[in-house]
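Working notes, beginning with the structure itself.
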Amino acid sequence: MLIYGREIRDRLKKEIQQFAEENRMSMSIILVGDDPPSQVYVNGIVKFGRETGIKVDVLHLGADTEESQVIRFIRNLNEDPAIDGIMLQKPLPEHLDYNRLINEIAYHKDVEGVHNYNLGKLISRQQGIQPSTPKAIIRIMKEHDIAIEGKNVTIVGRSTIVGNPLSVMMTTENATVTLCHTRTKDLKKETLNADILVAALGRRNYITADMVRDDAIIIDAGINFDENGKMFGDVDEEAKEKAAIASAVPGGVGVITVAELFDNLRQICMMKQIQK
Ligand code: NAP
(Lines give C-alpha, C1' and ligand atoms only; values in the text may rest on other atoms or scores of the structure.)
Protein backbone atom coordinates (compact mmCIF):
# COMPACT_ATOMS: atom_id res chain seq x y z
CA MET A 1 0.00 0.00 0.00
CA LEU A 2 1.31 3.41 -0.94
CA ILE A 3 0.98 6.32 1.48
CA TYR A 4 0.95 10.00 0.50
CA GLY A 5 1.68 13.32 2.16
CA ARG A 6 -0.55 15.84 0.39
CA GLU A 7 -3.44 15.84 2.88
CA ILE A 8 -0.99 16.22 5.78
CA ARG A 9 0.78 19.04 3.96
CA ASP A 10 -2.51 20.85 3.25
CA ARG A 11 -3.57 20.69 6.90
CA LEU A 12 -0.22 22.00 8.09
CA LYS A 13 -0.29 24.69 5.43
CA LYS A 14 -3.67 25.95 6.63
CA GLU A 15 -2.37 26.21 10.22
CA ILE A 16 0.71 28.10 9.05
CA GLN A 17 -1.38 30.44 6.90
CA GLN A 18 -3.66 31.23 9.87
CA PHE A 19 -0.61 32.00 12.02
CA ALA A 20 0.86 34.19 9.25
CA GLU A 21 -2.34 36.24 9.07
CA GLU A 22 -1.64 37.52 12.57
CA ASN A 23 2.16 37.35 12.65
CA ARG A 24 4.49 38.81 10.07
CA MET A 25 7.11 36.21 9.11
CA SER A 26 9.96 36.27 6.62
CA MET A 27 12.68 33.93 5.43
CA SER A 28 15.81 34.31 3.29
CA ILE A 29 17.26 31.51 1.19
CA ILE A 30 20.86 31.55 0.03
CA LEU A 31 21.28 29.61 -3.20
CA VAL A 32 24.78 29.25 -4.61
CA GLY A 33 25.24 28.01 -8.17
CA ASP A 34 22.78 26.52 -10.65
CA ASP A 35 21.95 23.00 -9.45
CA PRO A 36 18.57 22.30 -11.21
CA PRO A 37 16.95 20.16 -8.41
CA SER A 38 17.89 22.90 -5.89
CA GLN A 39 16.25 25.47 -8.11
CA VAL A 40 13.06 23.35 -8.23
CA TYR A 41 13.09 22.94 -4.42
CA VAL A 42 13.66 26.66 -3.82
CA ASN A 43 10.88 27.57 -6.27
CA GLY A 44 8.57 25.31 -4.26
CA ILE A 45 9.49 27.18 -1.06
CA VAL A 46 8.87 30.58 -2.69
CA LYS A 47 5.47 29.34 -3.95
CA PHE A 48 4.49 28.04 -0.50
CA GLY A 49 5.48 31.43 0.97
CA ARG A 50 3.40 33.30 -1.61
CA GLU A 51 0.38 31.09 -0.94
CA THR A 52 0.58 31.49 2.83
CA GLY A 53 1.41 35.21 2.89
CA ILE A 54 5.00 34.74 4.11
CA LYS A 55 7.82 36.78 2.60
CA VAL A 56 10.57 34.63 1.10
CA ASP A 57 13.64 36.25 -0.47
CA VAL A 58 16.16 34.29 -2.53
CA LEU A 59 19.74 35.45 -2.61
CA HIS A 60 21.06 33.71 -5.72
CA LEU A 61 24.86 33.78 -5.85
CA GLY A 62 27.15 32.66 -8.65
CA ALA A 63 28.87 29.24 -8.41
CA ASP A 64 32.27 30.94 -8.06
CA THR A 65 31.30 33.07 -5.04
CA GLU A 66 34.06 32.97 -2.43
CA GLU A 67 33.38 31.60 1.04
CA SER A 68 34.22 34.95 2.67
CA GLN A 69 31.54 36.62 0.53
CA VAL A 70 28.91 34.03 1.47
CA ILE A 71 29.83 34.58 5.14
CA ARG A 72 29.39 38.32 4.69
CA PHE A 73 25.89 37.80 3.24
CA ILE A 74 24.97 35.44 6.09
CA ARG A 75 26.17 37.93 8.72
CA ASN A 76 24.13 40.73 7.12
CA LEU A 77 21.02 38.53 7.27
CA ASN A 78 21.82 37.59 10.89
CA GLU A 79 21.77 41.26 11.81
CA ASP A 80 18.65 42.17 9.83
CA PRO A 81 15.73 42.29 12.31
CA ALA A 82 13.24 41.92 9.44
CA ILE A 83 14.51 38.39 8.67
CA ASP A 84 13.26 35.60 10.95
CA GLY A 85 14.72 32.54 9.24
CA ILE A 86 17.78 31.84 7.08
CA MET A 87 18.37 28.78 4.95
CA LEU A 88 21.45 27.72 3.00
CA GLN A 89 20.48 25.45 0.12
CA LYS A 90 22.51 22.28 -0.39
CA PRO A 91 24.46 21.12 -2.44
CA LEU A 92 27.06 23.86 -2.50
CA PRO A 93 29.88 24.19 -5.04
CA GLU A 94 32.87 22.10 -3.93
CA HIS A 95 35.03 25.00 -2.72
CA LEU A 96 32.42 25.92 -0.07
CA ASP A 97 32.32 24.18 3.32
CA TYR A 98 28.66 23.48 4.17
CA ASN A 99 29.27 22.77 7.86
CA ARG A 100 31.33 25.92 8.31
CA LEU A 101 28.75 28.10 6.56
CA ILE A 102 25.71 26.61 8.26
CA ASN A 103 27.26 27.47 11.62
CA GLU A 104 27.68 31.11 10.55
CA ILE A 105 23.88 31.39 10.55
CA ALA A 106 22.57 32.76 13.86
CA TYR A 107 21.24 29.66 15.64
CA HIS A 108 17.96 31.39 16.44
CA LYS A 109 17.40 31.98 12.69
CA ASP A 110 18.40 28.42 11.68
CA VAL A 111 15.11 27.49 10.01
CA GLU A 112 16.44 24.12 8.80
CA GLY A 113 17.56 23.00 12.26
CA VAL A 114 21.07 22.08 11.11
CA HIS A 115 23.19 24.50 13.18
CA ASN A 116 25.32 22.71 15.79
CA TYR A 117 23.23 24.42 18.50
CA ASN A 118 20.00 22.87 17.22
CA LEU A 119 21.62 19.49 16.48
CA GLY A 120 22.96 19.51 20.06
CA LYS A 121 19.44 20.17 21.35
CA LEU A 122 18.19 17.26 19.25
CA ILE A 123 20.74 14.86 20.72
CA SER A 124 20.07 16.02 24.28
CA ARG A 125 16.30 15.77 23.69
CA GLN A 126 15.65 19.43 24.38
CA GLN A 127 13.17 21.50 22.43
CA GLY A 128 14.80 23.15 19.43
CA ILE A 129 14.40 23.56 15.69
CA GLN A 130 14.49 20.13 14.04
CA PRO A 131 15.56 19.38 10.46
CA SER A 132 12.51 19.44 8.20
CA THR A 133 12.91 16.18 6.24
CA PRO A 134 13.29 13.94 9.35
CA LYS A 135 10.34 15.85 10.86
CA ALA A 136 8.30 15.11 7.72
CA ILE A 137 9.26 11.42 7.93
CA ILE A 138 8.18 11.11 11.57
CA ARG A 139 4.99 13.05 10.82
CA ILE A 140 3.93 10.92 7.80
CA MET A 141 4.43 7.78 9.92
CA LYS A 142 2.47 9.08 12.90
CA GLU A 143 -0.36 10.40 10.73
CA HIS A 144 -0.65 6.92 9.17
CA ASP A 145 -0.60 5.23 12.61
CA ILE A 146 2.71 3.48 11.94
CA ALA A 147 4.19 2.43 15.28
CA ILE A 148 7.88 3.21 15.76
CA GLU A 149 8.53 2.14 19.36
CA GLY A 150 10.39 -1.17 19.65
CA LYS A 151 10.87 -1.51 15.88
CA ASN A 152 14.11 -2.20 14.04
CA VAL A 153 14.66 0.85 11.88
CA THR A 154 17.32 0.78 9.17
CA ILE A 155 18.22 4.14 7.66
CA VAL A 156 20.32 4.25 4.50
CA GLY A 157 22.16 7.60 4.35
CA ARG A 158 23.86 9.53 7.15
CA SER A 159 23.76 13.17 5.98
CA THR A 160 23.45 16.07 8.42
CA ILE A 161 20.06 17.07 7.01
CA VAL A 162 18.33 13.68 6.72
CA GLY A 163 19.82 10.36 7.87
CA ASN A 164 21.85 11.41 10.88
CA PRO A 165 19.24 13.55 12.67
CA LEU A 166 16.56 11.02 11.75
CA SER A 167 18.55 8.29 13.53
CA VAL A 168 18.44 10.43 16.69
CA MET A 169 14.75 11.20 16.31
CA MET A 170 13.90 7.53 15.73
CA THR A 171 15.91 6.62 18.84
CA THR A 172 13.96 9.23 20.80
CA GLU A 173 10.81 7.48 19.51
CA ASN A 174 12.23 4.29 21.10
CA ALA A 175 13.19 2.46 17.91
CA THR A 176 16.40 0.44 17.59
CA VAL A 177 18.29 2.12 14.79
CA THR A 178 20.87 0.92 12.27
CA LEU A 179 22.43 3.75 10.27
CA CYS A 180 23.95 2.69 6.93
CA HIS A 181 26.29 4.45 4.49
CA THR A 182 28.76 3.72 1.70
CA ARG A 183 31.11 1.79 4.04
CA THR A 184 28.37 -0.51 5.35
CA LYS A 185 29.69 -4.02 4.72
CA ASP A 186 26.49 -5.86 3.86
CA LEU A 187 23.70 -3.39 3.10
CA LYS A 188 21.23 -6.09 2.08
CA LYS A 189 21.63 -7.86 5.43
CA GLU A 190 20.81 -4.58 7.21
CA THR A 191 17.83 -3.70 5.00
CA LEU A 192 16.40 -7.22 5.39
CA ASN A 193 16.56 -6.78 9.17
CA ALA A 194 14.36 -3.67 8.96
CA ASP A 195 10.81 -3.51 10.24
CA ILE A 196 11.00 0.06 8.98
CA LEU A 197 13.40 0.94 6.17
CA VAL A 198 14.16 4.58 5.42
CA ALA A 199 15.95 5.25 2.15
CA ALA A 200 17.78 8.59 2.04
CA LEU A 201 20.83 7.93 -0.08
CA GLY A 202 20.08 9.83 -3.28
CA ARG A 203 20.48 6.89 -5.71
CA ARG A 204 17.60 6.33 -8.09
CA ASN A 205 15.77 2.99 -7.47
CA TYR A 206 18.80 1.64 -5.55
CA ILE A 207 16.77 -0.40 -3.05
CA THR A 208 15.35 -3.40 -4.89
CA ALA A 209 12.75 -6.04 -3.97
CA ASP A 210 15.36 -8.61 -2.87
CA MET A 211 16.53 -6.11 -0.20
CA VAL A 212 13.18 -5.75 1.61
CA ARG A 213 10.89 -8.02 3.62
CA ASP A 214 7.26 -8.36 2.59
CA ASP A 215 6.09 -7.15 6.02
CA ALA A 216 8.38 -4.10 5.98
CA ILE A 217 7.40 -0.46 6.04
CA ILE A 218 9.36 1.63 3.57
CA ILE A 219 9.83 5.36 3.82
CA ASP A 220 11.41 6.66 0.63
CA ALA A 221 12.97 10.10 1.13
CA GLY A 222 14.90 10.02 -2.13
CA ILE A 223 14.37 12.66 -4.78
CA ASN A 224 16.16 11.86 -8.03
CA PHE A 225 15.50 12.98 -11.59
CA ASP A 226 16.17 11.18 -14.86
CA GLU A 227 17.39 12.94 -18.00
CA ASN A 228 13.77 13.88 -18.90
CA GLY A 229 13.14 15.50 -15.52
CA LYS A 230 10.95 12.62 -14.23
CA MET A 231 11.16 12.18 -10.46
CA PHE A 232 12.18 8.88 -8.83
CA GLY A 233 12.79 7.79 -5.27
CA ASP A 234 15.62 5.66 -3.89
CA VAL A 235 13.40 2.55 -3.78
CA ASP A 236 12.17 0.78 -6.92
CA GLU A 237 8.51 0.08 -7.65
CA GLU A 238 8.80 -3.70 -7.23
CA ALA A 239 10.23 -3.30 -3.71
CA LYS A 240 7.37 -0.96 -2.82
CA GLU A 241 4.78 -3.42 -4.17
CA LYS A 242 6.34 -6.20 -2.08
CA ALA A 243 6.41 -4.20 1.18
CA ALA A 244 3.41 -3.84 3.49
CA ILE A 245 3.43 -0.05 3.32
CA ALA A 246 5.59 2.34 1.27
CA SER A 247 5.67 6.11 0.88
CA ALA A 248 5.13 7.42 -2.63
CA VAL A 249 7.61 9.40 -4.72
CA PRO A 250 6.51 11.89 -5.86
CA GLY A 251 3.81 12.85 -3.38
CA GLY A 252 5.16 11.35 -0.16
CA VAL A 253 7.74 12.75 2.27
CA GLY A 254 8.87 15.45 -0.18
CA VAL A 255 5.56 17.33 -0.24
CA ILE A 256 5.53 17.61 3.57
CA THR A 257 9.14 18.81 3.88
CA VAL A 258 8.50 22.35 2.65
CA ALA A 259 5.56 22.70 5.06
CA GLU A 260 7.85 21.53 7.90
CA LEU A 261 10.32 24.26 6.97
CA PHE A 262 7.58 26.88 7.40
CA ASP A 263 6.45 25.13 10.58
CA ASN A 264 10.00 25.72 11.85
CA LEU A 265 9.71 29.39 10.86
CA ARG A 266 6.47 29.58 12.83
CA GLN A 267 8.25 27.98 15.81
CA ILE A 268 11.07 30.57 15.57
CA CYS A 269 8.50 33.41 15.60
CA MET A 270 6.64 31.87 18.56
CA MET A 271 9.91 31.55 20.52
CA LYS A 272 10.71 35.20 19.72
CA GLN A 273 7.34 36.27 21.10
CA ILE A 274 7.90 34.30 24.32
CA GLN A 275 11.32 35.93 24.79
CA LYS A 276 9.93 39.48 24.35
P1 NAP B 1 23.79 13.24 0.74
O2 NAP B 1 24.23 14.36 1.59
O3 NAP B 1 24.39 13.05 -0.61
O4 NAP B 1 24.02 11.89 1.58
C5 NAP B 1 23.79 10.64 1.01
C6 NAP B 1 24.05 9.59 2.04
O7 NAP B 1 23.75 8.33 1.47
C8 NAP B 1 25.51 9.53 2.53
O9 NAP B 1 25.53 9.31 3.91
C10 NAP B 1 26.09 8.35 1.76
O11 NAP B 1 27.08 7.64 2.49
C12 NAP B 1 24.87 7.45 1.61
N13 NAP B 1 24.97 6.63 0.41
C14 NAP B 1 25.11 7.04 -0.86
N15 NAP B 1 25.19 5.98 -1.70
C16 NAP B 1 25.08 4.89 -0.92
C17 NAP B 1 25.10 3.50 -1.17
N18 NAP B 1 25.25 3.03 -2.42
N19 NAP B 1 24.97 2.65 -0.15
C20 NAP B 1 24.83 3.11 1.12
N21 NAP B 1 24.80 4.43 1.44
C22 NAP B 1 24.93 5.29 0.43
O23 NAP B 1 22.22 13.24 0.49
P24 NAP B 1 21.01 13.93 1.33
O25 NAP B 1 21.07 15.38 1.18
O26 NAP B 1 20.89 13.29 2.67
O27 NAP B 1 19.80 13.39 0.45
C28 NAP B 1 19.50 12.02 0.34
C29 NAP B 1 18.30 11.85 -0.57
O30 NAP B 1 17.20 12.47 0.05
C31 NAP B 1 18.44 12.53 -1.93
O32 NAP B 1 17.73 11.80 -2.89
C33 NAP B 1 17.78 13.87 -1.73
O34 NAP B 1 17.28 14.43 -2.93
C35 NAP B 1 16.68 13.46 -0.81
N36 NAP B 1 16.15 14.56 0.01
C37 NAP B 1 14.83 14.59 0.11
C38 NAP B 1 14.24 15.56 0.87
C39 NAP B 1 12.76 15.52 0.98
O40 NAP B 1 12.15 16.50 1.26
N41 NAP B 1 12.13 14.37 0.77
C42 NAP B 1 15.01 16.53 1.48
C43 NAP B 1 16.39 16.45 1.40
C44 NAP B 1 16.96 15.44 0.64
P45 NAP B 1 28.50 8.30 2.91
O46 NAP B 1 28.20 9.16 4.10
O47 NAP B 1 29.34 7.14 3.27
O48 NAP B 1 28.97 9.08 1.73
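The values are calculated or read from the model by the stated rules, or taken from the named source; none is laboratory data. Here the structure is a predicted model, which means the values were calculated and not measured. Methodologically, a virtual Cβ is constructed for each residue, glycine included, from the backbone with ideal geometry; neighbour enumeration extends over all protein chains shown. Remember, those area values only see protein heavy atoms, side chains included, never the ligands or the DNA or RNA. Shrake-Rupley method; radii C 1.70, N 1.55, O 1.52, S 1.80 Å.
Scanning the range 1-38 for residues that are open to solvent by 60 Å² or more (accessible area, probe 1.4 Å) and of a type in the set (S, T, N, Q) yields Q17, Q18. Of all residue pairs spaced 6 or more apart or on separate chains, those with beta-carbon atoms under 7 Å, a first member in the range 160-171 that is closer than 13 Å to L197 by Cβ and of a type in the set (A, V, I, L, M) and a second member that is open to solvent by less than 20 Å² (accessible area, probe 1.4 Å) and part of a loop (DSSP other than H, G, I, E, B) are M170/I148.
I'd like to check something: does the range 166-173 contain any residue that is of a type in the set (S, T, N, Q) and under 18 Å from T257 (Cβ atoms)? Yes, because at least one residue in the range 166-173 is of a type in the set (S, T, N, Q) and under 18 Å from T257 (Cβ atoms). When the range 126-157 is filtered for residues that are over 30 Å from K272 (Cβ atoms), within 13 Å of the ligand (Cβ to nearest atom) and not aliphatic (A, V, I, L, M), the ones remaining, listed by number, are T154, G157.
Scanning the range 47-57 for residues that are surrounded by fewer than 18 Cβ atoms within 10 Å (Cβ to Cβ) and either touching a strand residue (DSSP E or B) at 6+ places or on another chain (Cβ under 6 Å) or not assigned by TED's automatic domain parsing to the domain that holds D80 (or both) yields K55, D57. Is one or more of the residues making up the range 66-77 open to solvent by less than 70 Å² (accessible area, probe 1.4 Å), of a type in the set (S, T, N, Q) and in contact (Cβ under 8 Å) with a residue 24 or more places away in the chain? Looking for residues that are open to solvent by less than 70 Å² (accessible area, probe 1.4 Å), of a type in the set (S, T, N, Q) and in contact (Cβ under 8 Å) with a residue 24 or more places away in the chain, one finds none in the range 66-77, hence no.
Conditions (1) within 20 Å of the chain's Cα centre (by Cα); (2) within 22 Å of T160 (Cα to Cα), marked per residue:
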| site | (1), (2) |
| --- | --- |
| M27 | yes, yes |
| I54 | yes, no |
| V58 | yes, no |
| D64 | no, no |
| V70 | no, yes |
| E79 | no, no |
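Under the condition of being open to solvent by 10 Å² or more (accessible area, probe 1.4 Å) and more than 16 Å from the ligand (Cβ to nearest atom), the residues counted in the range 101-117 number 9. The set of residues from the range 188-209 being over 26 Å from E227 (Cβ atoms) and touching a residue at least 24 places away in the same chain (Cβ under 8 Å) comprises E190, T191, N193, A194, D195, I196, L197, V198. Listed by first and then second residue, the pairs linking a residue in the range 236-263 that is aromatic (F, W, Y) to a residue that is open to solvent by less than 20 Å² (accessible area, probe 1.4 Å) and more than 10 Å from the ligand (Cβ to nearest atom), with Cβ atoms under 7 Å apart and 6 or more places separating them unless they lie on different chains, are F262/I16; F262/F48; F262/T52; F262/I54. I'd like to check something: does the range 37-52 contain any residue that is assigned to a loop (DSSP other than H, G, I, E, B) and more than 16 Å from the ligand (Cβ to nearest atom)? No, the range 37-52 contains no residue that is assigned to a loop (DSSP other than H, G, I, E, B) and more than 16 Å from the ligand (Cβ to nearest atom). Counting only helices (runs of 4 or more DSSP H) wholly contained in the range 158-276, the ones carrying 2 or more residues that are more than 10 Å from the ligand (Cβ to nearest atom) and buried (at least 16 other Cβ atoms within 10 Å of the Cβ) occupy 163-172, 237-242, 253-275. One residue stands out among those in the range 81-94 that are within 20 Å of V114 (Cα to Cα) and not aliphatic (A, V, I, L, M): the one that is most open to solvent (accessible area, probe 1.4 Å), which is E94.
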